[in-house]
1. Cβ-Cβ under 7 Å, sequence separation 6+ or interchain: first residue in segment 30-47 and over 10 Å from residue 336 (Cα atoms), partner part of a loop (DSSP other than H, G, I, E, B). Which pairs?
2. For segment 182-208, give me each residue that is modelled with pLDDT of 90 or more, surrounded by fewer than 17 Cβ atoms within 10 Å (Cβ to Cβ) and under 23 Å from residue 106 (Cβ atoms).
3. Show the residue pairs meeting these rules: Cβ distance below 8 Å; 6+ apart or different chains; first residue within segment 335-346 and within 21 Å of residue 275 (Cβ to Cβ) and at pLDDT 85 or above; second residue part of a loop (DSSP other than H, G, I, E, B) and among the hydrophobic types (A, V, I, L, M, F, W, C).
4. Tell me which residues, restricted to segment 397-446, are touching a strand residue (DSSP E or B) at 6+ places or on another chain (Cβ under 7 Å), in a loop (DSSP other than H, G, I, E, B) and of a type in the set (Gly, Ala, Ser).
5. For segment 193-216, indicate whether the set of residues that are outside any helix (DSSP H, G or I), under 21 Å from the mean Cα position of the chain (by Cα) and among the aliphatic types (A, V, I, L, M) is non-empty.
6. Can we say residue 376 is modelled with pLDDT under 95, under 25 Å from residue 278 (Cβ atoms), touching a helix residue (DSSP H, G or I) at 6+ places or on another chain (Cβ under 9 Å) and of a type in the set (A, V, I, L, M, F, W, C)?
7. Of the conditions (1) of a type in the set (A, V, I, L, M); (2) in a helix (DSSP H, G or I); (3) over 25 Å from residue 27 (Cα atoms), residue 257 clears all except one; give me its number.
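The values are calculated or read from the model by the stated rules, or taken from the named source; none is laboratory data. Small disclaimer: the values here were computed from a predicted structure and weren't measured. For neighbour counting, all protein chains shown are included, and Cβ atoms are generated from backbone atoms with ideal geometry for every residue, glycine included. Heavy atoms of the whole protein, side chains included, go into the accessibility calculation; ligands, DNA and RNA do not. Shrake-Rupley method; radii C 1.70, N 1.55, O 1.52, S 1.80 Å.
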Amino acid sequence: MGDEDWAQEKINAWRAQGALTPERILSRLDKNIEGSNAIQRDERQPLQATFASASIPAPSGSGQVLTESAFISLLHAKAALPRCPEGVEAGRIIYETLGYLSTLPFPRRNSQSQSRPDGHSLAQIKRALAWALPDRWRHIVEQGNFSRVRTEHDRQRLLFQSLATGTNPSSAQDEVRASAQSLARRHAFDVPEMFSDFSFVNNDEDGDEIYHDLLDILYSTQEVKHISLSPVHRNAFRSIAKQIKEEEQIPELHTLAIPVQRFKDLAKVLLALQTEPANEGDVIKPSEFEDAAQAVCAAFTQEDGVITWPSFSHALEHSAPHLLDPLYRLLSLALLGKDSPIEILDAHEAPSNVPERSILTLPRTSQLVSILAETFDAGALQRTAHYASPHFTTPSTFVQAIQNVPDEAIVLFSGRATTATHEGKQCIFGLFSPAPKKDGARIQATTEVDPDNAGQQSCALFQLAPVQDVFRGVVGAAGWNVVADPKGGESVVFGRAGDQKGGMTLTLRDGLLRAEIRHMGKGVEVDFNGGRDGSRAEGVVYKANPCRGDWALEFTVEDIEIWSEPKE
């Protein structure tokens, strides 16, 4: 009997015995979780105790469950979720995401109109945490010669799915499907080198990523009589996975979308929790983060007004890589008895000395933390210079002020758009320079700035309003220059003058009174690693966002601020 015949015979036997029903598969998955470090040893007792204290008997008589109201109370009491309507709504969304994740690999179409369950059992909560928290899936999904290695992008995709209560318009589904396939081909090989031999694309002619999740679990939960016996290979489960997918009516990824308002409701609270209050007794008010949340949502939203997996993935990787960090801290504090998972940074302290009417308000600081969390200390920031229109300094003096700061330089430009399509809208752009004394002449590599900080980022331009975005600098290029303009004055150019395909340039003209943005992203290949390595691009200083195409913007500059940390 050949290997394929042997494998099919085993699968047919399991099917006949009822071993491949969703209930039996989830039971074995629960067993894998219990026998692994998916829930770490120091987390088990706090989780058990928290559940015991907050759970109630299910009305259906199926055991103890944690209800939505009890879960939100835990978030308030243990994780400092704001006690306000915005906090409650975010708590509801997080509870629903846990419910969705607990059903994997048999997700139903997630819909807010579905009737709510009795509550979540302890097994369901453990399941959800194993999928939600960084790096936990490695303990429950086998990876090796007979399977594929999962990536961090797979975990982020599951979070997207758990938030996706909407449907992508049918007219856009083919485009999203193609984009998701391209994304899968890139993401599949974004793994440590030691796992590269086990990398395979999880979107092919048999099914998309959700189908491949099912394949991963069918392989990883199969019954093996003895450790020395060869398991049925992952690919042998393809046919039965198709049958199960059809029977369980498992949706396809390209049909799913997150409603923008739902994501904004969550983002508002996640931004509010990016920092901890600077003074004891300060109350976190998510309502103050409305504009910041709108800018973040704009980064995640496609032109047709929905958030799909490709747009979510791109924004999370490029524009707001730390946006979800507070979510992991909330789950860890409320359920596991620790401040945060080891892979997640603690919350920044909010700046304590912010002058009135600053550009860098607390919400804008939270946006910066969602971009640059590993690279600066928000609580230590001090404003070193402020210029208000029309009393600006000279361009040369302004550049010198950037280069004279004691540590990194965070420069902010705020004003109102004069471009017809955006006229009157607030615009906030900025510069992050970790080495301002050197980046102007030559953008430094991260290893030149801080070789001991794996999360260090190079010089970049950023945007905080009306859209949040980042335009990462190219190592070796000149970060900024003071150039003579045709009128005999001076302009400051961040980038390279002229339209460079794949580049973004910010120019301050007329004695710093007027800002011009030129963004040339149309037809540019998306960076595989988000451009964080600062790899060289021909003629480009700051990399454009390919998802935003070509555009230009002009705004009247009203205020300029320079912030930095004092040297110890």
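1. Matching pairs, first to second residue: 32/140; 32/221; 33/39; 33/140; 36/140; 38/140.
2. Correct list: 204, 205, 206.
3. Between residues of segment 335-346 that are within 21 Å of residue 275 (Cβ to Cβ) and at pLDDT 85 or above and residues that are part of a loop (DSSP other than H, G, I, E, B) and among the hydrophobic types (A, V, I, L, M, F, W, C), the close pairs are 341/133; 345/373.
4. Of everything in segment 397-446, just one residue is touching a strand residue (DSSP E or B) at 6+ places or on another chain (Cβ under 7 Å), in a loop (DSSP other than H, G, I, E, B) and of a type in the set (Gly, Ala, Ser), namely 424.
5. The answer is no; no qualifying residue exists.
6. yes
7. Condition (2) is where residue 257 drops out.
Matching residues to (1) under 15 Å from residue 239 (Cα atoms); (2) of a type in the set (Ser, Thr, Tyr):
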site	(1), (2)
7	yes, no
12	yes, no
23	no, no
27	no, yes
30	no, no
36	no, yes
42	no, no
45	no, no
